[in-house]
Amino acid sequence: MAEPTSAVLDDVPRPPRAVPTAGMLRTVAGLPGGLVRTARPRQWVKNGLVLAAPVAAGRLLSRHGLIQLGIVFVLFTACASAVYLVNDARDADADRAHPVKCHRPVASGRLPVPVAYAAGALLGVLAPVAAYVLCNAATAGLLAAYLVMQLAYCLRLKHVLVVDLVVVTTGFLMRAMAGGFALDIDLSRWFLITSGFGALFMVAAKRYSELILMSGTEGEAGASRSLLTAYTTGYLRFVWQLAAGVAVLAYGMWAMETGAVATGSLPWRQLSMIPFILSVLRYAVFADAGAAGAPEDVVLHDRPMLVIALGWAALYALAVAEL
């Protein structure tokens, strides 16, 4: 049989080449921004809790300590970002039913689901490895445990009543522990109780605010967060009020356990109870009004809260300096 000539081949119809469209180009160009937005830069302030244990122990004055804490902050931010990426990829459909979360990059389609999964997996693997190399095995183990717990939350635990509150609270507690692990600080039991119940106070207040926000839109609360309608406002109010009370009590015990005050100095650590209690009372105003759905906004944008925080920091600095 004769071979087909080039002229004949030229007449054979070929499928059109895939030409990148303007929409495709915009999607690719917007990937870095979508990844950063999904990593929640506004919530990176939560990872500042890695400073909690070193501040309490007065271990922020050494160059080595500051470098280690900077590393832990970055690595915990990477772990939290990995969880946010995976969570948003899994919850894309549910987030589209939320009046605010529907604008997230994954839910809106600006960040493809496979890209979010891949970026989350990469960060989740690299962060604990880097912690083992740059810090110590305890810090790496803590980050790995955080990732496992949070991924379990994304897959299953977010659908278990009360357990979802405990898991999110434990995530905050792990942040507070991370700085202590990195600098080999013995963590006080009262410090851990204060951190844990303080975190539960904020988590329950956040859920309470979300429930109030969604209560005006029938059906959307359950679509957005499957357990939200299983709670009642009365129960969540009880939880954040109980947690606030325990946090205040534990902080008082923590402040008192330091022992005798040096001659000629004032009880600065005990006096720091005043701004701590004021901060709880101030935050409770937003919680009671259902306006604590974004804790980072309350902490960073409320001027009285910032003034109270500065007052606490000054008193605690005097306590560490033993003036």
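The values are calculated or read from the model by the stated rules, or taken from the named source; none is laboratory data. Quick caveat, the model's predicted, so the values are computed rather than measured. Neighbour counts are summed over all protein chains in view; Cβ atoms, including those assigned to glycine, are modelled from backbone coordinates with ideal geometry.
Tell me yes or no: at least one residue of segment 190-204 is under 24 Å from S62 (Cβ atoms), in the same structural domain as A292 (by TED's automatic domain parsing), at pLDDT below 95 and of a type in the set (A, V, I, L, M). Yes: segment 190-204 contains one or more residues that are under 24 Å from S62 (Cβ atoms), in the same structural domain as A292 (by TED's automatic domain parsing), at pLDDT below 95 and of a type in the set (A, V, I, L, M).
Restricted to segment 39-76, and to residues there that are β-branched (V, I, T) and at pLDDT 85 or above, the residue that is surrounded by the fewest Cβ atoms within 10 Å (Cβ to Cβ) is I67.
Checking the structure you have, find out if any residue of segment 187-196 is of a type in the set (S, T, Y), buried (at least 18 other Cβ atoms within 10 Å of the Cβ) and not in a helix (DSSP H, G or I). Don't jump to the end; show me each part of the working.
As a first pass, look at segment 187-196 and keep what is of a type in the set (S, T, Y): 188, 194-195.
Those left that are additionally buried (at least 18 other Cβ atoms within 10 Å of the Cβ): 188, 194-195.
Of the ones still in play, those that are also not in a helix (DSSP H, G or I) are 188.
Taking every residue of segment 187-196 in turn, at least one turns out to be of a type in the set (S, T, Y), buried (at least 18 other Cβ atoms within 10 Å of the Cβ) and not in a helix (DSSP H, G or I).
Within segment 108-131, the set of residues being surrounded by 14 or more Cβ atoms within 10 Å (Cβ to Cβ), under 19 Å from the mean Cα position of the chain (by Cα) and of a type in the set (G, A, S) comprises A116, A119, G120, G124, A127, A131.
Taking A152 as the residue in question, decide whether it is surrounded by fewer than 18 Cβ atoms within 10 Å (Cβ to Cβ), within 19 Å of N87 (Cβ to Cβ), modelled with pLDDT of 95 or more and out of contact with any Phe, Trp or Tyr (no Cβ under 6 Å at 6 or more places or on another chain).
Numbers: surrounded by fewer than 18 Cβ atoms within 10 Å (Cβ to Cβ): yes; within 19 Å of N87 (Cβ to Cβ): yes; modelled with pLDDT of 95 or more: no; out of contact with any Phe, Trp or Tyr (no Cβ under 6 Å at 6 or more places or on another chain): yes.
No.
Might you check whether a residue that is surrounded by fewer than 21 Cβ atoms within 10 Å (Cβ to Cβ), touching a Lys or Arg at 6+ places or on another chain (Cβ under 6 Å), in a helix (DSSP H, G or I) and not β-branched (V, I, T) occurs anywhere in segment 80-89? No; the residues of segment 80-89 include none that is surrounded by fewer than 21 Cβ atoms within 10 Å (Cβ to Cβ), touching a Lys or Arg at 6+ places or on another chain (Cβ under 6 Å), in a helix (DSSP H, G or I) and not β-branched (V, I, T). Just one of the listed residues (G171, G141) is farther than 18 Å from Y84 by Cβ and part of a helix (DSSP H, G or I), and it is G141.
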